[in-house]
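Novice: Got a structure for you, written out below as structure tokens; questions coming shortly.
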Amino acid sequence: MKLIHNHLQKIIIFFIISWLMLFVFLPNVTILATSFLTHNDLHFVSIIFTFKNYSRLVDALYVQVLLHSLNMAFIATLCCLLLGYPFAWYVTKLPQNTRSLMLFLLIIPFWTNSLLRIYALKIFLSLHGWLNEFLLWLHMINTPFRIMYKPMAVIIGLIYILLPFMVLPLYSNLEKLNICYLEAARDLGARKLKIFFCIMLPLTMPGIIAGCSLVFIPAMGLFYVSDLMGGAKNLMIGNLIKSQFLNIRDWPFGAAISTLMTLIMGVILLIYWYVTRLLNAKTELQE
């Protein structure tokens, strides 16, 4: 029985490694190799080694798009944190049955394609959409106001898609929070703000960092959100990669941008790992 279990374990490991090699490692190596080749109008790529694709990245236009992407992703991440933290804390205070229902309702949107949800949000926020019609019906506004095709619309779309990715790690962390620390601080006369900033925030920092990473990284690459919600004036780095591969057909430059984005994501994940390691070491010393 033990021999069969060992063989089964080896087979599963083999399939996992094969899958990672075929669908993760090889595509990334291909993208990296393509980024050092030359664009060809007929065959898309010429096997001529060059660094020109990376030197083009310092052009003011592409730097502006990158900074705009970082700014939009940062704002979306901050908004998700400000909305997700109190919601996750509220869910942990509910009875078990209600808590399960709330988490179920939070996960339900994953059952629908995110592109369809963005189309639905676009209809909801449009000039003659349900939101404007409802506000007009309440006489809160006299004329419909425009939200679509502005940076705010892109932020709303990113929050709408990515908020569950912030809530779930925060909830997991807050659920494990030892309430005794909060009760002890309250008994010693600490105010609510001091309890939050001095006890809750440090203890839940791993969940905050995990949630921010899960939101910030994909926020830079969701090109269809900025396409549908922001229009041509709100390009993000994901839109730039898509246009280079599908429209302009400059695969080497698109690969160079993809490689840059992968490096940025790698740095973010490295920071997450390092900070989490420091927090765990600090917690172990305190215990």
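The values are calculated or read from the model by the stated rules, or taken from the named source; none is laboratory data. All values derive from a computational prediction rather than experimental measurement. Cβ: placed from backbone, ideal geometry, glycine included. Neighbour counts: every protein chain shown. Side chains are part of the model used for accessible areas, which takes the heavy atoms of the whole protein and leaves out ligands, DNA and RNA. Shrake-Rupley method; radii C 1.70, N 1.55, O 1.52, S 1.80 Å.
Novice: Please state which of the following conditions Arg249 fails to meet, knowing it meets all the rest: (1) part of a helix (DSSP H, G or I); (2) out of contact with any Lys or Arg (no Cβ under 7 Å at 6 or more places or on another chain).
Specialist: Answer for Arg249: the failing condition is (1).
Novice: Further question on the same structure: If Asn53 satisfies every condition in (1) more than 16 Å from Leu263 (Cβ to Cβ); (2) more than 26 Å from the chain's Cα centre (by Cα); (3) not hydrophobic (A, V, I, L, M, F, W, C) but one, which is the exception?
Specialist: Checking Asn53 against (1) more than 16 Å from Leu263 (Cβ to Cβ); (2) more than 26 Å from the chain's Cα centre (by Cα); (3) not hydrophobic (A, V, I, L, M, F, W, C), the one that fails is (1).
Novice: Considering only residues that are among the β-branched types (Val, Ile, Thr), modelled with pLDDT under 90 and out of contact with any strand residue (DSSP E or B) (no Cβ under 6 Å at 6 or more places or on another chain), look in the range 17-53 and name the one that is farthest from Lys242 (Cα to Cα).
Specialist: Top of the filtered list is Ile47.
Novice: Name the residues in the range 237-271 that are touching a residue at least 24 places away in the same chain (Cβ under 8 Å) and within 14 Å of Thr38 (Cβ to Cβ), would you?
Specialist: Passing the criteria: Arg249, Asp250, Trp251, Pro252, Phe253, Ala255, Ala256.
Novice: For the range 140-208, give me every one of the helices (runs of 4 or more DSSP H) that falls completely inside it and has 1 or more residues that are aromatic (Phe, Trp, Tyr) and open to solvent by 90 Å² or more (accessible area, probe 1.4 Å). Before you say what the answer is, go through the steps one by one.
Specialist: Values: elements: 151-175, 179-187, 192-195.
It comes to 151-175, 179-187.
Novice: Taking the conditions exactly as written (charged (D, E, K, R) and touching a Ser or Thr at 6+ places or on another chain (Cβ under 7 Å)), does Glu183 satisfy them or not?
Specialist: Values: charged (D, E, K, R): yes; touching a Ser or Thr at 6+ places or on another chain (Cβ under 7 Å): no.
No.
Novice: Kindly state which helices (runs of 4 or more DSSP H) lie completely within the range 38-131 and contain at least 1 residues that are aromatic (Phe, Trp, Tyr) and open to solvent by less than 40 Å² (accessible area, probe 1.4 Å). Show your work before the answer.
Specialist: Details: elements: 52-55, 60-92, 96-107, 114-125.
Hits in the range 38-131: 60-92.
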